[in-house]
Amino acid sequence: MRTFLTSWKTLKASRADAPDVGHLVDTRCSPSGGAKRRAPAQAELMSNESAIRVRGLRKCYGPLAAVDGIDLDIERGEVFALLGPNGAGKTTTIEILEGFRHRDGGTVAVLGADPAEAGRSWRARIGIVLQLSTEPELTVAEMVGQFAAYYPRPRNPAEVIELVGLGGLERRRAHQLSGGQRRRLDVALGIVGRPDLLFLDEPTTGFDPQARRLFWELIKLLAQDGTTILLTTHYLAEAEALADRVAVLAAGRIAALGDPATLGGRASTGAQVSWDAPDGRQTVQTATPARVVLDLAAGLGGDVPGLTVTRPTLEDVYLDLIGAQR
Amino acid sequence: MISTAIAPGAESTGPELALPGAWRTGLSRGRLEVVGFFRERQAVVFVFALPAILLVLLGSIFGHDAAGYGVSVGQLFTAGMIAGGIGSTSFQNLGLTISAERERGTLKRLRGTPMPPAAYFIGKIVLVFVCTVAEVVVLIAVGMAFYHLRLPTSAASWWTLAWVFALGTVACSLIGIAMSSLPSSAKNSFPVITLPFLVLQFISGVYVPFTNVPPWLQHIAAIFPLKWMSQGLRSVFLPARAAILEPAHSWQHGATALVLLAWIAAGLVLCLTTFRWRTSRDG
């Protein structure tokens, strides 16, 4: 597992290439950590053109470091997924970036501003999708219209309602909506302000598979439109379907970061070749699956019964990664 | 469809766009606050209708006993219940709804938008103003219909009604907003918001004529706005000579205004220092 991890180091490009800024932050969860909040590099981070730039982010709850030195660069227009088990620090991280939570250390720039100090015009450029349990007695149209009025250049509320799939339910009160419909209303409220950057914290938890696919389509449309999207999710398939890059968080640190297709060397590490032999199913691990298959076919003089060639799934990689941190 | 729904170039590189102003946003919030309030049956019954129901009930049970000096107990109850009604639609209304909004994340969601914080409070002011005026009108109507309540005839009495209403509503609203931070969850709002309000109504001359309240409880009641509000309203709706029934044998308008203004100042400071957009668990 150690060697597996060391191969990640090269993938952590943002950590390696970044100007050395946030790493100097005290790693202990002591009150003194808070004093480092305004690292000198803050001004430098803010001038950067990235949508999100994070160096040495730390957040402690009592003696526990929920976020323990995270570096992150998310480019404009990118769809980025944060993966990780419960308690890995996903929500804490995203809430610091949203300006909801204060950090204990490190530097953060979101759309060029420090979220801890950013004002209304910054808020006008971000969208936050929150999942709320119950809502007041207002209708879908009233709520979306109301939220549109908070922004300087909102989308047309009627079109947003249509876009999230609530067309025809405009006059339905929020508490009369099904769980899935309510989630769509949450999304509508998050995107009606035409954000440059959209935060989605576990947006499809509780969705049925069909609703999840529809939601993915919506996110892809927003991404095509140039919206930068940061989402957290428990669903590996979701990260794979939507994200340009993913970061796996474990115990408050980034365990891996990269393209979901190649994360953990999925594309280059060994493949499994399996087939049905006369004496039962055979499996071999190989770095050269094509050669194995050719040899098999030659040996059998034609078809190979029950032939499969598999690479590790993102889930396999993920479980290895978070297992490694435990 | 998407091409029309989402204009190209979502990047805001152009000149800074004007953010919607607090007043316009606040007034449009206020409209929906009122709409939402009157759609929620529980709020309407508990916050809005209960004082009127209790007035009919208590007035029917005790209303025909004469209190002396040309005052019927029905009139006493009506004046007191108007004070209670103002407390209900301002203090209790805001204490319950804001703590519920905080718990279910409505406040957090608003905080994540560019909505000016003042707009939220302007919306609440509209809600309280509309509800409280309606409440007072309903209670006066009940009093006139059942208990020979007469509208004030002198300009001085109307003026008293206006300032007691205004100062009382503002004081109770600010205390309600401040207290909304206390319940750790909506389930706790009964002991924290409703129970103290209920107790105060009993000792402040709302449910029970103030003269029947034991002196030590009268002293406690005198700390809080409700006693002064109901006393001020008695001065509006009862004959002038009924002032002799008050513990001080006078309507004490000066003291009333001072106490209410002091609560407004204290409430404002509390709101500014303690208002939270999130629950304490949210960190």
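For the criterion of being assigned to a helix (DSSP H, G or I), hydrophobic (A, V, I, L, M, F, W, C) and without any contact (Cβ under 8 Å) to a residue 24 or more places away in the chain, B:ALA166 passes.
On the given criteria, is A:LEU221 without any contact (Cβ under 8 Å) to a residue 60 or more places away in the chain, aliphatic (A, V, I, L, M) and away from chain B (no Cβ under 14 Å)? No; evaluated as a whole, the condition is false for this residue.
Of all the residues in the range B:187-211, those that are more than 20 Å from B:LEU55 (Cα to Cα) and out of contact with any helix residue (DSSP H, G or I) (no Cβ under 6 Å at 6 or more places or on another chain) number 5. Name the one entry in B:PRO209, B:PRO214, B:PRO225 that is modelled with pLDDT of 90 or more and either under 21 Å from B:PRO152 (Cβ atoms) or crowded, with 17+ Cβ neighbours inside 10 Å (or both). After applying the criteria, what remains is B:PRO225.
Could you tell me which residue of the range B:92-112 is nearest to A:VAL144 (Cα to Cα), considering only residues that are more than 9 Å from chain A (Cβ to nearest Cβ) and touching a Phe, Trp or Tyr at 6+ places or on another chain (Cβ under 6 Å)? Within the range B:92-112, the match that is nearest to A:VAL144 (Cα to Cα) is B:LEU107.
Taking the range A:160-196, which residues are among the basic types (Lys, Arg), part of a loop (DSSP other than H, G, I, E, B) and more than 14 Å from chain B (Cβ to nearest Cβ)? It would help to see each step written out before you state the result.
Here is the first cut: in the range A:160-196, the ones among the basic types (Lys, Arg) are A:171-173, A:182-184, A:194.
Right, trim to part of a loop (DSSP other than H, G, I, E, B) and you get A:171-172, A:194.
If the condition is that a residue be among the basic types (Lys, Arg), part of a loop (DSSP other than H, G, I, E, B) and more than 14 Å from chain B (Cβ to nearest Cβ), then no residue fits.
Of the residues making up the range A:104-149, those that are facing chain B (nearest Cβ under 7 Å), closer than 20 Å to B:LEU32 by Cβ and not in a helix (DSSP H, G or I) are A:LEU130, A:LEU132, A:SER133, A:THR134, A:PRO136, A:GLU137, A:LEU138, A:ALA149. Exactly one of these conditions fails for A:PRO157: (1) facing chain B (nearest Cβ under 9 Å); (2) modelled with pLDDT of 95 or more. Give me its number. Here A:PRO157 clears every test but (1).
Does the range A:252-276 hold any residues that are at pLDDT 85 or above, farther than 26 Å from A:ASP68 by Cβ and of a type in the set (A, V, I, L, M), and which are they? Residue satisfying the conditions is A:VAL273 alone. Only one entry in A:PRO312, A:PRO289 is more than 29 Å from A:ILE126 (Cβ to Cβ), out of contact with any strand residue (DSSP E or B) (no Cβ under 6 Å at 6 or more places or on another chain) and surrounded by 17 or more Cβ atoms within 10 Å (Cβ to Cβ), namely A:PRO312. Figure legend. Inter-residue proximity from the range B:238-251: first residues among the acidic types (Asp, Glu), second residues not in a loop (DSSP other than H, G, I, E, B), beta-carbon distance below 7 Å, spacing 6+ or different chains. Indicated pairs: B:GLU246/B:GLN231. The numbered conditions (1) of a type in the set (A, V, I, L, M, F, W, C); (2) surrounded by fewer than 19 Cβ atoms within 10 Å (Cβ to Cβ); (3) within 13 Å of chain A (Cβ to nearest Cβ) are all true for B:MET115 except (2). Residue count for the range B:2-47 under the criterion of being modelled with pLDDT under 90, closer than 30 Å to B:LEU195 by Cβ and either among the aromatic types (Phe, Trp, Tyr) or part of a loop (DSSP other than H, G, I, E, B) (or both): the result is 2. One residue stands out among those in the range A:142-199 that are surrounded by fewer than 19 Cβ atoms within 10 Å (Cβ to Cβ) and of a type in the set (Lys, Arg): the one that is nearest to A:ALA124 (Cα to Cα), which is A:ARG153.
Within the range A:34-54, can one find any residue that is β-branched (Val, Ile, Thr), within 21 Å of A:VAL246 (Cβ to Cβ) and at pLDDT below 50? Full working, then the answer.
To start, the set of residues in the range A:34-54 that are β-branched (Val, Ile, Thr) comprises A:52, A:54.
Pick out the ones that are also within 21 Å of A:VAL246 (Cβ to Cβ) and you get A:52, A:54.
Next, only the ones that are at pLDDT below 50 stay: none.
No: zero hits.
Of the residues making up the range A:289-326, those that are in contact with a Leu (Cβ under 8 Å, 6 or more places away or on another chain) and not in a helix (DSSP H, G or I) number 3.
The values are calculated or read from the model by the stated rules, or taken from the named source; none is laboratory data. From a predicted model like this one, the values you see are computed outputs, not experimental measurements. All Cβ positions, even for glycine, are placed from backbone atoms using ideal geometry, and neighbour counts span all protein chains on display.
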